[in-house]
Each structure stands twice: as structure tokens, then as C-alpha cells.
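Undergrad: Next up is a structure, given as C-alpha cells.
Values in this text are rule-based calculations from the coordinates and carry no lab data. Small disclaimer: the values here were computed from a predicted structure and weren't measured. For neighbour counting, all protein chains shown are included, and Cβ atoms are generated from backbone atoms with ideal geometry for every residue, glycine included.
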Amino acid sequence: MAGTTGKMELKAVGAVPKSGKGRGLHPRRSAAFKQWSVAMLWRTAVIAVLLGTWEALVRAGAVNAFLIGSPSAIFRAAVSMLESGQLATDAYATVKATVAGFALGSLIGSIGGLLLWFSKTISRIIDPFIVALNGVPKIALAPMIIIWFGSGLTSKIVLAAVSTFIVALMSACQAAHQIDESQINLMKSFGASKLQIFTKIIVPSSLPWIISAFRINIGLALVSVVGGEFISSDKGLGHMIFVEGNLFNLPAVWAGVFTLMLVAALLYACVSIAENRLLPWNETKSKAKRTPSV
Amino acid sequence: MHGLAAAEYRSGFHKKEQAAIAVRDVTKSFLNTAGEEIRVLDGISMEIRQREFVSIVGPSGCGKSTIFNIIAGLLEPSSGSVLVGGADIGQSTGHVGYMMQRDLLLPWRTVLDNVTLGLEVQGIGKKDRQTAAMDYLNRYGLDSFAKAYPSALSGGMRQRVALIRTLVTQPDIILLDEPFSALDYQTRLVLEDEILSILRNEGKTGVLITHDIEEAISVSDRVIVMSKRPTYVKQTYEVGLAAEHGSAMKARSDVRFKSFFEQIWSELDIQMGRLS
């Protein structure tokens, strides 16, 4: 986080030559770094205390290690699954299905939602259908999708794509329709065609909304894939957690859950990085150094 | 033969003296949500001369922006016609430059890329449009901001960039729809003067919509006062203080300034009294 903040300020300052405001950069950056380190220290402390208490309670016999598991057993389970390569195989299968489904659904949904800008009539007609589809928990479609696409990777990708498609479509459509009318009038006063208005105004100004839908969608995709793996599959973290759960192998289940957390955090971080890369002007928005008026 | 040539010559000559904008009996009605017809413009006629700077003032909600949208070809009048440079605009757009209340700079484009927007729409090559844009940015001291994003600029700077974005497409006529209203007072005074001198310098015809009577008097050759809705042209004042003094700022200290203000104010005041 500290690194990103520092970069934002650099860009904002770099964007305004001769503003002479660069002097404030270094102290602010180190202050942010200090805040970040303090927060990290506390986070580590919280985790250490939680795990320590858990382990102590299990060792003292205060809680049932068979039903709850213990940090040391989880660690051993994780190490053995890492050594056998099972954890990596499962994590890879889940990540692959999630990323593929997310990319497919978000891409098709976003493009479709943007294109709806061209016809108010069509978007008005399909609006209730989209709302209805959005209301259905997509995991309810999993049994059907597994029947149609098999229990392998494809059905998980389709499931994730279906879940993310609707959100992407709705936010892109909404973003495209809420463009300021005077912005469009300005383009028309230059003599712009509808296609020019679309490519030069509608698409770029919808991007922030589309990308913030990505943040929601990466989580949705993961939930769908894991849900699909619960129902029917031969690998993946969801599959592993489900199988080990049926065997009452709680340490392995925990190891799977922690891996999922890690995967979710990594995927989310990737989307955030992509967001900052794709929307450089957004960074400068809040941090902008104002030049004196007139 | 000779007669025809003479007629052609005369009409050609006449075209040169043609009003920059001629609005002829323009009416505009809208349907409200209840399906009733609401008449906004009630037979507007006005002529704007070449290289003239005219302000249109009127009570708020009187349809000033509607007139602009019709002149720019963004809205179709219910009846009547608009001639720009003697030619009926029909449903075409792109014959006037339009500067709006808000600068409408695109936040994802740098100042340079914002300025070239109009040229880009008109299909001019990247090199040519950047050269043209840098030329204008240089001329008006904004070249050092070419690579900056609009968010880094102050409100006054942003409006200057918006004006240059309009100028760079080289329209003969520029419509200004309350471009100073969002600015603080000092910035506004400086910018009024600046924009006026830029338009004179470039030989443009300017039409300004404003609700600020002082602003209208200080910058205009003529002030057109509109009635409340349904709108018609109530009165026209030949002001010309800015042209006489060479500056909008100096026009404000002219002895006639106050009497113009009182006359125009009373035209508007009566209507406001009736409205409330």
C-alpha cells in the first residue's frame, strides 16, 4: 500500500511541471510507510495471539482437536500436501477456472452492457430479465451446468462466467447510460458521429465502473468455482475441502480454507493492480496538487 | 448575361455582409410528462453581426440554453429557421464552437489530448492536430500544462483549456453558455477580459448566455434581454463599452455602466416580481 501511495503522488507531481510542490513528497511518503508498518505489526500480533491461544487450548485439552483441528496439525497437513504436490494441483485447478470464467464473463458482459448504449429500446426491453437473472443465486444453476458441461474444468469456467456476466453487463450498461448529456452535446457540436461518441466518451468514462465491477466479479467467480467443485469434480480446492471434510480430516480442511483465503487475496490484489494501471487519471484525481487559480 | 453576373456579384457581396447568425421566428415546444404542450420559445428573432460580441440575459429557466442548442443544431426548432453565415443549418451540427457552463474536460485525457478532441472528431491526423493544439496552447501560455491531466488544473485554467479546445477547430462563431458561472469572482473578472480579447484577436463572433447583468454589460457590444417563458426578445441594448475601452474591466468603471445596469435590471425585475 505504501508503495502505491508514493507512486500516486509522484505521478500527480510529475503531471504538473513548474508547480514546485515536489518538496512535500518525501515526508508524506515516509509517514505513509510508518502507518503501514504499524498496521502490519498489529495484524501479525493479532494472528499470533489467535493461533497461540488456539494451540494452547487444544494442548490443554480444553477443546476437541478432532473436531476443531489445531494450528500445528494444520501446518503438518499443509506441508505434506505441499510435498505431495496435491495442494498446488488443486489450487492451480481452482485459480485456472476462476480466472478463465472471470475473464470470459466480465469481458462479454462489459462489452454487451456498453453496446446496449446504442439502443435505449433494447435495454428497456431486457432490463427486467437482467434483474431477474441477477436475483437468482448462480450456484443454483450448477447442477444443470455440470450436466451440460461435465464435471471437469469446463463446467466450472461456465459457472464462473455466468455469475460474472450479469454483474458486468449491469454495471457497464448503467455506466454507459449515466453519461452527462452536455458531454455528448459537446461532441455533437464538433460534428461527432454516434460511433465516435461511443468510442471517445462512453467507453472510457464507463471504464471506472466496469473495473470496479471486476473487483466484485473476481470474488463471485471464486465462489462459483468452489461451489461447483463441491458438487462434482475431480480436483480443485473446493473438491479437496469437500472430500477431506467427509473424512473428518479437519487439519486438511483448514489447510484448504487458508489456501483459498490466500488465493482470494492474490486474485483481488491482481485486479487492484490492474485497476491502477488502467485508470492512471483516477490516481491524480484525489491527490491532485492544485495550481493557484488564474 | 451581364445582369446575372451582377446579381451573382451582389448576392456574393451580400453574403459577406450577412449576419453571422440569423434566428428567424424560432419557436420551440416540449411535451411535459402529463402530455401537455409547453411552449418554451415564442417566436425568437435576432441577428448577430460578424465579429460582434453579444450577450443574452433573461430570467432563469427562460430557455436561453434552448436557443443555443437550436443554433448549434443540437435541437430542432418547432418552427422557424436558423441561418449561419446565410445558410440554413437544417439539422446539421459542427458549424459553431460551443463552450459550456462546465469545462467538460475528459479526465482520462491530458490537456493536449483534450484540446485536440474536436480535431480528432473531424478526422485530422495526429501530428497535424497536435501541432495546431500546441500552437494555441503556446499562444495562451498553457503549453507547460500540455501533458498534465485536467484534475491538476484550477477552475480558471480548465475553462481556458475548454476555450482553446473550441478555438482550435477554428469556428467563426463561438457560443458561450455561462462559462464563468462556476468560477470565483476574481477569476471570473480576469477570464472575462481574457476570453474577450482572445475572441477579438482571433476575429470570432461571440454569443454569451449569462444571468450576470454586470458581466453582460462589461463584455458585450450588444445585450439582448429575453422575457420569461414563453420566451421572446424583449429589448436590445447597444452597449459597446468593452470595445470602446478595449477591456471588460475598464468597461465596468464607465459612467454609463450603472445606467445600463438599471435599465436591464428593471426589464428583468418586473418579471421576477410577477413570478413570485
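Undergrad: If I take all pairs of Cα atoms in the stretch B:47-170, what percentage of them are more than 22 Å from each other?
TA: 45 percent
Undergrad: Using a 7 Å offset from Cα along Cα-Cβ at residue A:276, what residues in the stretch A:190-210 end up with backbone N under 11 Å from the label point?
TA: Counting only backbone N, you get no residues.
Undergrad: Something else about it: Debye calculation, C-alpha points only, no solvent: report log10 I(q)/I(0) for the stretch A:128-249 at q = 0.11, 0.20 Å⁻¹, in the same order as the q values.
TA: -0.52, -1.02
Undergrad: Considering amide H positions built from the backbone, and no H for Pro or chain starts, which residues 5 or more places from residue B:99, or on another chain, come under 5 Å of its amide H?
TA: B:175, B:176, B:177
Undergrad: In which sequence would A:166, A:126, B:67 go, from the one with the fewest C-beta neighbours within 10 Å to the one with the most?
TA: The fewest-first ordering by Cβ neighbours comes to A:126, A:166, B:67.
Undergrad: Sorted from largest to smallest, which semi-axis lengths in Å does the alpha carbon gyration tensor of chain B give for its equivalent ellipsoid, taking the root of 5 times each eigenvalue?
TA: One finds semi-axes of 29, 26, 21 Å for chain B.
Undergrad: When B:184, B:254 are ordered from fewest to most other Cβ atoms inside 10 Å of their Cβ, what list results?
TA: B:184, B:254
Undergrad: To continue, here is another question. As a footprinting exposure proxy, order A:153, A:133, A:169, B:191 by other Cβ within 10 Å, with the fewest listed first.
TA: With the sparsest Cβ surroundings first, the list reads A:133, A:153, B:191, A:169.
Undergrad: Would you kindly derive the ³J(HN,Hα) couplings of the stretch A:132-138 from the backbone phi angles with the Karplus curve 6.51 cos²θ - 1.76 cosθ + 1.60 (θ = phi - 60°), listing them in order in whole Hz, with x for Gly and Pro?
TA: Each residue of the stretch A:132-138 in turn: 5, 4, 5, x, 6, x, 4 Hz.
Undergrad: Tell me, what HN-Hα J-couplings in whole Hz come from the Karplus equation 6.51 cos²θ - 1.76 cosθ + 1.60 at θ = phi - 60° for each residue of the stretch A:231-244, using x for Gly and Pro?
TA: 6, 6, 5, 10, 8, x, 4, x, 4, 4, 4, 5, 5, 5
Undergrad: Related question: Compute a Gaussian network model of chain B, connecting alpha carbons closer than 10 Å, and tell me which residue from B:139, B:102, B:165 fluctuates the most.
TA: B:139
Undergrad: Another question about this same structure. From the P(r) of the stretch A:79-185, could you give the percentage of C-alpha pairs in the tail past 25 Å?
TA: That tail contains 37 percent of the Cα-Cα pairs.
Undergrad: How large is Rg/Rh for the stretch B:103-170, to two decimals, with Cα atoms and a Kirkwood Rh? Don't skip to the answer; put the middle values down first.
TA: Numbers: Rg = 10.5 Å, Rh = 11.5 Å.
Here the Rg-to-Rh quotient is 0.92.
Undergrad: Send over the Kirkwood Rh of chain A, from the inverse of the averaged 1/r over different Cα pairs, rounded to one decimal Å.
TA: 22.7 Å is the Kirkwood radius here.
Undergrad: Right, something else. Take every Cα pair under 8 Å in the stretch B:156-265 that's 6+ residues apart, average their separations, divide by the length, and report that relative contact order as a whole percent.
TA: Values: 129 pairs, mean separation 24.8, N = 110.
The normalised contact order for the stretch B:156-265 reaches 23 percent.
Undergrad: Now for a different question. Rg (Å, one decimal) plus Dmax (Å, integer) for the alpha carbons of the stretch B:65-129?
TA: Calculated on Cα positions, Rg and Dmax stand at 14.6, 43 Å.
Undergrad: Net charge within 13 Å of residue A:242 by Cβ-Cβ distance, Lys/Arg positive one each and Asp/Glu negative one each, not counting residue A:242 itself?
TA: Around residue A:242, the surrounding residues sum to -3.
Undergrad: May I ask you to derive the relative contact order of chain A, considering only C-alpha pairs under 8 Å and at least 6 residues apart, and to give it as an integer percent?
TA: 26 percent.
Undergrad: Can you list residues from other chains, or at least 5 along the same chain, whose modelled amide H is less than 5 Å from the amide H of residue B:50?
TA: Placed amide hydrogens put B:20 under 5 Å from residue B:50.
Undergrad: Between residue B:88 and residue B:185, what's the calculated FRET efficiency when r is the beta-carbon distance and R0 is 45 Å? Round to 0.05.
TA: Numbers: r = 41 Å, r/R0 = 0.91.
Approximately 0.65, to the nearest 0.05.
Undergrad: I would also like to ask the following. Can you tell which of A:240, A:261, A:40 shows the greatest fluctuation in a Gaussian network model of chain A with Cα springs below 10 Å?
TA: Of the options given, A:40 has the highest mean-square fluctuation.
Undergrad: Here's a follow-up. Roughly how many debye, to the nearest 20, is the charge dipole of the stretch A:75-287 about its Cα centre, given +1 on each Lys and Arg Cβ, -1 on each Asp and Glu Cβ, and no other charges?
TA: Value, rounded to 20: 580 debye.
Undergrad: Considering only Cα-Cα distances, which of the following residue pairs are longer than 28 Å: A:120/B:204; A:200/B:28; A:120/A:188; A:120/B:147; B:64/B:258?
TA: Long pairs (Cα-Cα over 28 Å): A:120/B:204; A:200/B:28; A:120/B:147.
Undergrad: Using θ = phi - 60° and the Karplus relation 6.51 cos²θ - 1.76 cosθ + 1.60, list the HN-Hα couplings for the stretch A:152-162 in order, rounded to whole Hz, with x at every Gly or Pro.
TA: These are the phi-based 3J(HN,Hα) values: x, 4, 4, 5, 5, 5, 4, 4, 5, 5, 5 Hz.
Undergrad: Over the alpha carbons of the protein assembly as shown, what is the largest minus smallest coordinate on each principal axis, giving the biggest first in Å?
TA: Extents along the principal axes, in whole Å: 108, 56, 55.
Undergrad: Taking every DSSP beta bridge that has both residues in the protein assembly as shown, what percent is antiparallel when rounded to the nearest 5? Let's see the in-between values first.
TA: Working: 21 of 38 bridges.
Roughly 55 percent of the DSSP beta bridges within the protein assembly as shown come out antiparallel.
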